[in-house]
Structures are given as C-alpha cells and as structure tokens.
Amino acid sequence: QRWKDTKLAVASRTNKGPWARNLLQQFQIDGKTLNELIPFQEIYASDKTRHFDALQKQTGVRFEDMLFFDDAKSGKYGNCEPVSKMGVMSAHCPQGLTTSVW
C-alpha cells in the first residue's frame, strides 16, 4: 500500500532488446512477470539521458523525484554522472543492486 503510486521503469542501453525483454518475461515476483510489474521500458542502444527524457515524458515524474541504480563500468561512475546532472538521484552499484545498496 505504501508504494502503490510508485512507477517502475527499466532503462537499458543494450543492442539486444529482444533478449532483454524476454528476460523481463521470465523473472517473476508474486506470480507476476517483471514485464507486468514494470510498465515503463526504454530498452535500446542509446545514452541514458535519452532514456530518462523519454521516461519523464511517459510518466510525468519530475527528474528530482526519480531514483536510478546503475552498474555500468564505463567511466568512474558509469551512467550515474550524466543522469544525476539531469536531477535524478543516482546510485552506482558496480556489484549489482544488493540489499546494502538498496
């Protein structure tokens, strides 16, 4: 109930979009696939700022109200620097999204 108005999104800059979307169909939480639980999906080869511009337009959520977890290894903090410059709270998690990062 506490998270009922939370909007979930995926921003992936992969060139393997069909494979990534297939993975979202395979993982389940409480009987629902991630594809069902994550309605906003920007999965294509591009930079993260383009993904976040699109997500902002789709969701109506201000950048300042977004939270971004990223494991990218390019640059010191991967995609976090350019996305945080947009106003998005960004967390670099090179070992993946762990309980301690969350």
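The values are calculated or read from the model by the stated rules, or taken from the named source; none is laboratory data. All of these numbers come straight from a predicted model, not from anything done at the bench. Methodologically, a virtual Cβ is constructed for each residue, glycine included, from the backbone with ideal geometry; neighbour enumeration extends over all protein chains shown. Side chains included, ligands, DNA and RNA excluded: accessible areas come from the protein's heavy atoms. Shrake-Rupley method; radii C 1.70, N 1.55, O 1.52, S 1.80 Å.
Worth pointing out:
- The set of residues from the stretch 70-91 being touching a strand residue (DSSP E or B) at 6+ places or on another chain (Cβ under 7 Å) and within 16 Å of residue 14 (Cα to Cα) comprises 70, 78, 79.
- Test: residue in the stretch 17-37 that is closer than 21 Å to residue 102 by Cα and touching a residue at least 40 places away in the same chain (Cβ under 8 Å): no
- Scan of the stretch 18-34 for residues that are loosely packed, with under 14 Cβ neighbours inside 10 Å and either under 24 Å from residue 88 (Cα atoms) or of a type in the set (Phe, Trp, Tyr) (or both), ordered by number: 19, 27
- Leading residue by the ranking (least open to solvent (accessible area, probe 1.4 Å)) among those in the stretch 46-63 that are of a type in the set (A, V, I, L, M, F, W, C) and touching a helix residue (DSSP H, G or I) at 6+ places or on another chain (Cβ under 8 Å): 52
Matching residues to (1) at pLDDT 95 or above; (2) more than 16 Å from the chain's Cα centre (by Cα):
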{"residue": "1", "(1), (2)": "no, yes"}
{"residue": "5", "(1), (2)": "no, yes"}
{"residue": "9", "(1), (2)": "yes, no"}
{"residue": "24", "(1), (2)": "yes, no"}
{"residue": "45", "(1), (2)": "no, no"}
{"residue": "58", "(1), (2)": "yes, no"}
{"residue": "66", "(1), (2)": "yes, no"}
{"residue": "70", "(1), (2)": "no, no"}
